[in-house]
Amino acid sequence: MSRIEQALEKAAQLRNQTATQPRPVRQDRAVMLTEPALPKAAVNTDASHDNPLLVMINSTTSPVAEEYRKLKAVVAQLTKGDEFRNTLLVTSAIPNEGKSITALNLAVCLAQELDHTVLLVDADLRRPSVHRYLDVENGPGLSECLANGDDLAEAIIPTAIEKLSIVRAGIYADNPVELFSSQRMRDLIYELKNRYHDRYIIFDSPPVLPFAEARSLAQLVDGVILVVKEGYTPVTNIQEAVSSLAGSTILGIVYNDAEIHKFDERYRYYRNYSYSK
């Protein structure tokens, strides 16, 4: 069993002891979406992105890519059942643990399945990065939908990766906590969750401890994945982050950027990367 799977299993045990179901969202305020058939923004149509951290695009046969496939399998197992728990939040305790690149690779990995489409939402309004990693032109996104009531359908844009669409963060917002705790955010998540039966919605949020946004979003989604960078995050920070997410469903922990000496030669690939963001 890999370190990722072990961490997820331990976190699942903790979840069963302490976590409760996410708060329901009101159904009477939701507005149905009609997504555009064509892109509404300039999108790089070359699927061969050159960022080495996008291993599910550029290094699909590597050991790291295989670890993401294992993570995908665990996530799929944890989210299936009588109700498809398809809204997921990826976050970390502190900055620079690799949450955004984890969310991206997981989204690509899920999109490569036959059974699912994926919408990746950049909910890090303070420090957005999804559009940059995917070579997508920055433009209106989540911030405008929440602050101005812009049509969410116009904010959803396709990528060069088949079955993967994104919602960019949009313009900088002075009050992201207020936006995420609003009824408009609850309506948006409800609509995204229920519009397509085969779609995963993955939110990349700010870190838990410096900012309050992740705590608000965690209460609205079906599950939370916490990214922990080996040798970087103090145990006390991890414990505090888990405590801060009380009341949400923590699906598990991704143990990121592991050092080579703690693994066998199959994991030599890890040495080449230092995950950030």
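Where a number appears in this text, it was derived from the coordinates with a stated rule and is not lab data. Everything quoted here is computed from the prediction, not taken from an experiment. Virtual Cβ from ideal backbone geometry, glycine too; neighbours counted across all protein chains shown.
Compute the orientation-averaged projected area for region 161-208 from the convex hull of its Cα atoms and round it to one decimal in nm².
4.5 nm²
Along the charge dipole of region 86-162, which of Ala155, Ala103, Ala93 sits closest to the positive end, that is, farthest toward it, with unit charges on the beta carbon of Lys, Arg, Asp and Glu (+1, +1, -1, -1)?
Final value for the positive-end residue is Ala93.
Could you pull out every residue, at least 5 positions away or on a different chain, whose amide H is within less than 5 Å of the one on Lys229? Hs are placed 1.01 Å off N in the peptide plane, and Pro or chain starts have none.
Correct list: Asn256.
Name the residue from Leu119, Leu179, Leu134 whose Cα lies farthest towards the positive end of the charge dipole of region 113-185, charges +1 on Cβ of Lys and Arg and -1 on Cβ of Asp and Glu.
Working it through, the farthest residue towards the positive pole turns out to be Leu179.
List the residues whose amide H sits under 5 Å from the amide H of Leu89, counting only those 5 or more places along or on another chain, with H placed 1.01 Å from N in the peptide plane.
Amide H neighbours of Leu89: Phe203, Gly223, Val224, Ile225.
Using the basic label-point model (7 angstrom from Cα toward the beta carbon), what is the Tyr172 to Thr61 distance in nanometres?
Computed distance between label sites Tyr172 and Thr61 equals 4.5 nm.
For region 85-100, in order, what is each residue's ³J(HN,Hα) by Karplus, 6.51 cos²θ - 1.76 cosθ + 1.60 with θ = phi - 60°, in whole Hz (x at glycine and Pro)?
The phi angles translate into 8, 9, 9, 10, 10, 10, 8, 8, 6, 10, x, 6, 9, x, 5, 5 Hz.
Could you tell me which GluC sites (Glu not before Pro) in region 87-190 are loop residues by DSSP with no more than 11 other beta carbons within 10 angstrom of their beta carbon?
The qualifying sites are Glu162.
Could you go through region 193-208 in sequence order and give the Karplus-derived ³J(HN,Hα) for each residue, using 6.51 cos²θ - 1.76 cosθ + 1.60 with θ = phi - 60°, rounded to whole Hz, and x for Gly and Pro?
In residue order, the calculated couplings are 5, 9, 6, 10, 6, 10, 9, 8, 10, 10, 9, 9, 10, x, x, 6 Hz.
State whether region 107-234 is rounded, prolate or oblate according to the following rule on the C-alpha gyration tensor (a ≥ b ≥ c being the square roots of its eigenvalues): a/c under 1.5 gives rounded; otherwise a/b larger than b/c gives prolate, and the remaining case gives oblate.
It is rounded, given that a/c, with a ≥ b ≥ c, falls under 1.5.
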